[in-house]
Each structure stands twice: as structure tokens, then as C-alpha cells.
Amino acid sequence: MIFKFLNATTFDGYNPYRVFKDGFEWETIEPDNPWSYIGYWGDHQIIYLLKFLEFLRAYYPEKLEDYLKNDSFVYANVPYRIKPYDALLEDPKNTIDFDHEREERVGFKKNEIGGDGALLRETHVFIYKVNFIEKIMATMLAKVANFIPEGGIWMNTQRPEWNDANNALVGNGVSMVTLYYLRRFLVYFKDVLVKTGHSEVQISVELLASFDRMKATLGEFRSLTTDRISDAQRRSILDGLGHAASDYRQKIYNQDFSGQKAPLKLSDLSAFVDVALEHLEHSIKANKRSDGLYHAYNLMTVKPDGGIEINTLPEMLEGQVAVLSSGLLDSTESLEVLDALKASALFREDQYSYVLYPNKSLPRFLDKNNITPEAIAGSPLLSKLVADENADIVTKDCTGGFHFNGNFNNVNALRAALAELPQPYAPLVATEQQRVEALYESIFNHKAFTGRSGTFFGYEGLGSIYWHMVSKLRLAAFEVTKAAVDQSDSSEKVGRLFDHYFEINAGIGAHKSPELYGAFPTDPYSHTPGGKGAQQPGMTGQVKEDLLCRFGELGVRVTGGQLHFDRALMPADEFLTESASFEYVDVQQGWQTIELTADSLAYTVCQVPVVHKRGDKPAIEVKMTDGRSESIEGLVLNRELSSKIFRRSHEVAQLTVIA
């Protein structure tokens, strides 16, 4: 899965539209399909790749070490060209060109040799191969290149993050969600670098040059991470990062990789991660709201003086999930977030669960597009247009109200209309254009328009519960509760975190009556709008979080290639109150039955049954398929036996955990 995931990412650090068994694909423009569009989705290659890597290191810790130096990975050759940095600033909603010539070449090669035809080649036409460190660097640096201090990760690849609900934020949107996950990603990566036996690796000289420039930029502005950052400083940091990534991209677009590589000391890479973490953690602290929640998405505006201004948006559930998952907050801070969340407008009492964003009343038509008489009087240009009865820019209705031309759909249309005014207005346009555009944006505030999340009442719209996000919240709550237990926090604090976890769990559909849920509780549904039951049937990503949580509740832990069993989060009511039969399918696909006594429970791990019983002395009894058995003190299975279970070798017949 990790190879599949990494090999489908591009040299400029993004994943294509869809990965499937035989390869991957990208979005194209279809002239007869108004919904077709191109762009890179911005978030999944960070958090989902990280989850894969965390699992790999837990189950097979030695494998990652093998990946570090061997050139075992490739780059996807997606026919997109991200525009140069200056063009991104100029029009951040139109940032990718489709390379039709490259698509034609890729298509020819795919027809010739199959899926490998869509892989990137170097100047000598061979498929270009790199090591694990370079693949991780390419992904990481793509995010760092779009880092806006105290704002987040700039969403400038024409596609939103997570789903379409906030699609209109593309361009001016800045994601704290991805920044929270990037922080967790870098902490993991740092630990890998600290523990590896390697001291240096070979990296493509083109990527290495970009890395060195980004490292210099973050180092130059390191001192700013102790205080608020000005708009001008924010722009300087983004300029340094953005130009470095832009020059790297354009070089490969135009020339391909040269094939030359140079050594990178892993200590230098580790130092880069350190300074990057300082910048990210400063931004996380700056995004704590006065109500105890954290911002999810912000807005960036390039000011006339060149600085970058950050504006905030209302609270969103996704931001709380991501900051809890970031690993930065201690258990006290995590508890504060969960308490604030329960007390916020995001909590929906009738379903005992959480909506994506606070519900709100949308302004009615007649409340929009109204210019005050004072604003007209304060503008010589608008006053003259009204006096001349010129309706190209503003109109006056029969009641004396003033409005911008109703044909304008954004500020670009206003700008074009100003340019086309008759010559006598030109001097006034020259002196007042910015003022008139600012007035227009103050009324419509297009940059704060989020898309359907701000206008719809169904799907992932206003007042809607999106069940996948609730399950992500549940998993985040489990992680912080487990961390509190591992750190031996007070029983009072652990208990309160535990309460939040099970309250979130109780709100999920599987635990409700059909009447309350609005559907069969065990059927998968995407969302529950306000005033309705569950809607839009179909399997979602929700299932994986629920499974992870369930194993977490049952105490299954894997660390360093060893199975651990932890009863700290297992509710007492999980245990049987009377004897029962447990049926399961073993590794050889045969049905088996175990007779359980009262005060026990059972489940399977890799099709090996695990029976829990109460006892005074923690131990694991191991029964082998050849009839042998052994008893292990404590609740940790050794590497050898754990490996047999993970590999489904059919050598371990049953585990009995006593605690």
C-alpha cells in the first residue's frame, strides 16, 4: 500500500485524482462536461500516507530502514504544470495548465508498455527512480512551499481539501487542517531520522537545490516564531519558500530530471525539520480561538503594499479533529478543546453529535447588493455616474437605493467595466479604482465564500452532520485519551477524556434507534441534514476510523513489531455476564468455535482468537496449532510470536489474555 501510494505521487509533491489496481489517473477537461476540472487535491497525501507509515513502523519496524537508501520508488507523470510562483499570487484560483503534449506522450507510452508508461522519466528516457527519503521530501516540501505563517498551508492547486464542501476557498483559502497534520508528519519523520543507522542519502540535485533554499528561508526568519508576525514578514517568508519550489518545478517541467544526485546529510534534513516544526507550532498557537477551539481554514489577501493579510472564518469541526490529531496538545489542552467543542454551536443536541459548521440564517435577496448613500456621496466617481444616470457600474432603484450592476459576478467583472467607461471618467477611475473595488468586496466578501458549506442545507451543508468527520473526531479523541493513559495522567483527567470519547461514540448512527437515525443504524450513510434523518446511502471512509477505534477500545496495541494488550480503555460491560459460544473463521478459512465462560470476551487478530479473562497477575497464554503452549508474563507478546500472527502462518492457534 505504501509503495502504491508513494509511486502515485508526482515530483512536485501531489497525488493524482484516483489510484486503482492498475495504476492511477488524473482529471482532464472535457468540453461536453461542465463539471470536469483539473487540479490537485491537497490533503490526503499527508495524513493518510502518514497513517500507513505509522502502521508500517508499528508492525514491521525494520522495513522502513531498508527503504531509506535504495532507489525503489518512482514519480507519477501527471500532465499538469503548476504555474510559476508570481502567477500563483496574481490569480490564485487559476494556477495549473494542462500539458496536452505530455498527456499525448504518456498515453502513447501506456499503450506501448502498460501502466509504467505513466511514470516520470529522466533526460535519458529511463524511468526515474529515487529513494524513500526523496519521495517524502518531495511531498513535505510541496506543503512547506505553501506555508503562510499564522495562516496555514495555501490552497492554490485549484482543488479543495477533504471534499467539495469548501471548494470556493481554493485560491484565497489557507488550510490550518493540513498544517496540523503536517506537524504530526514532521514529528514522525524526525523520529525516523534520529533512529536510522544511515548518515546520508543520495538526492536529486534539482530537489536538493530547492531544499537548501527553503532551509535558508526558514532559518533566516526563525526568530519570528516567538511573537506575532507582520503582513510584510509573512510575505517575505512565503516569497522565499514559493520561489524555491517554483524554480524547481519549472526546471523539471522544461528539462526533466538530469539523473544527477548528490549526498544529503540526514543531520541537515533533521535540522530542517526542527526549524520547520518551530514555524508550524508557532502558527498552531496563533490559531487558537478565544472560545478554546482552533481555526480550520483562514483567508489570505495580498495587500496593495505587498504584504499578506490573514482573515479568519467561523469555527469548523474539521479543525478540531485535525488539531487533536496533530500531537502538539497535551492532555489538558486536548480536554479543553473537547469541552469547548461540546459547548459550541457545532454540537447538535437532537442527534447528540457534531455538525461540520455552525448553522446560520442566510441573508435574503433584498438584503444583498446595497450601497449606502454615504458610500455613494463619498465617491466622486460613483456620485458622477449616478448623476449622469450611467448604470454601467451602479444603479439607483425606484425607492432611491443604490446597487452595483447586477451582471457582475466578481471583482474582475467590475474591473473590466471600469476600464470600459467613457474617456471623461478616466481620471476619476485612475484615482478611485481601488476604493471602488474595496467597496464592492466589502459588500460581497467573495473571498470568504466557502462554496456549498455556506449555502446548502443538505449534503455537507449548513446544519449537516457528516458522519465520516464524526468518526475522525472519535479516533482523535481515542488517540488523546490513550496518550493520557500512557503518560500516567490523573484518573480524573483520563476519565473526562474517556467520557468525551464514549459520548462521541454514542452519537454515531450504529448506536441509535432507526427512528432517531432515520435509517437502519448499521447501513452506511454519508450525512444527516438538519430536520431530516440520515441521507445519501453509500460506503464512506468512516468505516476505517470506526474499526481502528474498536480495536483501540479492546486494547489491541502494536509497537515495535510486538502485540500489546491494554485494558485501560476497555469498558467493564464488554465482558460476558453468562457463558456463550464464539464462532470465527481461522487462517485456513475453516469455521471454529470456542466456548466462553462468564466474565470473559473474545475477538480475533489476523484470524487468531484472543480470549480475555480477569485475573490478578497479567499474563498471555499462547496455544500453538501443533499442541504446544507457553505462558508469557505481562501483556506484551514477543516479536517472534507476533510476527507469526501478522503473517497468518497458522502456527498460533489462540491467545488467552489474563489481566
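Each value in this text was obtained by applying a stated rule to the coordinates, not by laboratory testing. All figures in this text were calculated on a predicted structure; none of them were measured in a lab. Cβ placement follows ideal geometry from the backbone for every residue including glycine, while neighbour counts extend to all protein chains displayed.
The listed peptides 128-134, 66-72, ordered by packing as a protection proxy, come out as 128-134, 66-72 (highest mean of other Cβ atoms within 10 Å first). A straight line joining the Cα centroids of the stretch 428-460 and the stretch 340-387 runs 11 Å. The base-10 log of I(q)/I(0) for the stretch 445-532, evaluated at q = 0.12, 0.15, 0.17, 0.20 Å⁻¹, reads -0.51, -0.71, -0.81, -0.93 [Debye formula, identical scatterers on Cα atoms, solvent excluded].
Here the sum of -39500 (n - 2.57) over DSSP H runs of 4 or more residues, divided by the residues of the chain, equals -13000 deg cm²/dmol at 222 nm, to the nearest 500. Ordered by the count of other Cβ atoms within 10 Å of each Cβ, fewest first, 267, 361, 464 give 361, 267, 464.
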